[in-house]
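This report refers to the structure that appears directly beneath it.
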């Protein structure tokens, strides 16, 4: 693939957004192992995460091709702007799904058995706005299962800590996706797509997002109580500060800094929580 096409493919799947969920998967993997997991396990977890997200994002762009072309905010995206064709997007879906299944197979039988259901869930999100305003929660659960999957990859069994972390991640993602959807409130309402902003309006949607982010902070605290270590507690403080900052940036009539709230605050939140926990583990080793 030529370099220009490769860059467009990376843009199509927003590869950098993997940073939202991957750090929490790695946090769960480290907690499950009681320290650094074996490097092959880490590599397969990363491949599974990257594969699932690549398949999900490429499929989402395919499913939303027509509506993206109608929306002034998204009409310049790769597919509607015809910088890449749909066959390449379908190829990315296939590659991503294959990477997920191979990684799950290399991890353990339970991960392999559950991988089709995980893929079906993250692909199904692409059509959720056609019939439910809870599409944000659908996305949140899609990312929230990442720490559970990583825990299963290490231990091969369920436990409470990753479920608590999954609840926190789900609430966090659902909240920031509601905020991000504020910019499409009128468009969604006009063409009949479902979203919390289209259903409730901007101000009440922001209140819902604030409540969800309060739940997220409580969930991060619950995970810290179950696992222990100063890294998770300092991470909780940092995450709470970033969530507060995110809401200080955004209001019903203050959407001009939405990208800062969405990308900067949330990307920093996950990466910093992971970095602090990793530092804690390394100091204690």
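Please treat every number below as a calculation from the coordinates, not as lab data. This is a predicted model, so every value here is computed, not measured. Every residue, glycine as well, gets a Cβ built from its backbone with ideal geometry; the counts of neighbours run over all protein chains shown.
The figures follow:
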quantity: Residue check for residue 169: more than 13 Å from the chain's Cα centre (by Cα), touching a residue at least 12 places away in the same chain (Cβ under 8 Å), buried (at least 22 other Cβ atoms within 10 Å of the Cβ) and in a helix (DSSP H, G or I); calculated: no
quantity: Any hit, segment 60-78, residues being crowded, with 22+ Cβ neighbours inside 10 Å and either part of a helix (DSSP H, G or I) or under 20 Å from the mean Cα position of the chain (by Cα) (or both); calculated: yes
quantity: Within segment 245-261, considering residues that are assigned to a helix (DSSP H, G or I) and in contact with a helix residue (DSSP H, G or I) (Cβ under 7 Å, 6 or more places away or on another chain), the one nearest to residue 204 (Cα to Cα); calculated: 247
quantity: Residue among 131, 101 that alone is surrounded by fewer than 16 Cβ atoms within 10 Å (Cβ to Cβ) and over 14 Å from residue 12 (Cα atoms); calculated: 131
quantity: Considering residues of segment 202-230 that are over 19 Å from residue 269 (Cβ atoms) and in contact (Cβ under 8 Å) with a residue 40 or more places away in the chain only, the residue surrounded by the most Cβ atoms within 10 Å (Cβ to Cβ); calculated: 202
quantity: Criterion (free of Cβ contacts under 8 Å to residues at least 12 places away in the same chain, out of contact with any strand residue (DSSP E or B) (no Cβ under 6 Å at 6 or more places or on another chain) and either in a helix (DSSP H, G or I) or crowded, with 22+ Cβ neighbours inside 10 Å (or both)) met by exactly one of 264, 240; calculated: 264
quantity: Condition check for residue 36: outside any helix (DSSP H, G or I), closer than 21 Å to residue 163 by Cα and out of contact with any strand residue (DSSP E or B) (no Cβ under 7 Å at 6 or more places or on another chain); calculated: yes
quantity: Verdict on residue 83 being within 29 Å of residue 278 (Cβ to Cβ), surrounded by fewer than 19 Cβ atoms within 10 Å (Cβ to Cβ), over 19 Å from the mean Cα position of the chain (by Cα) and in contact (Cβ under 8 Å) with a residue 40 or more places away in the chain; calculated: no
quantity: Close pairs from segment 187-200: first at positive phi, partner surrounded by fewer than 20 Cβ atoms within 10 Å (Cβ to Cβ), Cβ under 9 Å, at least 6 apart; calculated: 192/130
quantity: Subset of segment 36-59 that is buried (at least 22 other Cβ atoms within 10 Å of the Cβ) and free of Cβ contacts under 8 Å to residues at least 60 places away in the same chain - its residue that is farthest from residue 146 (Cα to Cα); calculated: 58
quantity: Which listed residue, of 196, 191, is closer than 23 Å to residue 129 by Cα and buried (at least 17 other Cβ atoms within 10 Å of the Cβ); calculated: 196
quantity: Number of positions in segment 243-252 that are surrounded by fewer than 20 Cβ atoms within 10 Å (Cβ to Cβ) and either free of Cβ contacts under 8 Å to residues at least 40 places away in the same chain or within 29 Å of residue 150 (Cα to Cα) (or both); calculated: 4
